């Protein structure tokens with residue numbers, strides 16, 4: 001029996017990889033939802049009513065700068081605390 005395999009033949013690395021893939025998809029969906037919500041939520045007013053932050057329209061600042069930095073921080077934290085290092089080699093168990 002190969003190292004890392006369960007009795008049913010399923011490799012536990014697949015379960016870990018699927019979990020980490022779902023975390024990645026969740027982060028992408030969160031990024032899109034936050035970007036879309038801030039861009040179209042704050043940017044749907046007439047141009048004359050825009051507020052500006054650092055010379056940028058508020059909707060652009062929040063959607064493209066703040067959301068990007070927030071999601072980048074979440075990616076770093078998820079890689080540090082949620083992802084596991086998994087051996088990729090298949091060694092025979094003697």
Exercise. Roughly how many whole Å is it from the C-alpha centroid of region 55-94 to that of region 7-52?
Worked result: 11
Exercise. Tilt of helix 67-81 relative to the longest C-alpha principal axis of the chain, in degrees (0 to 90, nearest 10)?
Worked result: 20
Seminar exercise, completed: Relative contact order in percent for the chain (Cα pairs under 8 Å, 6+ apart) equals 39
For this session: Work out how much length residue 35 to residue 20 would gain on full extension: take 0.36 nm times their residue separation and subtract the Cα-Cα distance, in nm to one decimal.
Result: 3.2 nm
For this session: Return one number: the angle in degrees, 0 to 90 and rounded to the nearest 10, between the long axis of the Cα atoms of helix 12-42 and the longest principal axis of the Cα atoms of the chain.
Result: 0
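Quote to one decimal, in nm, the extra length available between residue 45 and residue 70 on full extension: 0.36 nm per residue of separation minus the C-alpha distance between them. Could you put the intermediate results ahead of the total?
Details: separation 25, 0.36 × 25 = 9.00 nm, distance 2.45 nm.
Roughly 6.6 nm would be gained on extension.
Every number here is computed from the coordinates shown, using simple stated rules; none is lab data. Keep in mind the model is a prediction, meaning the values are calculated, not measured.
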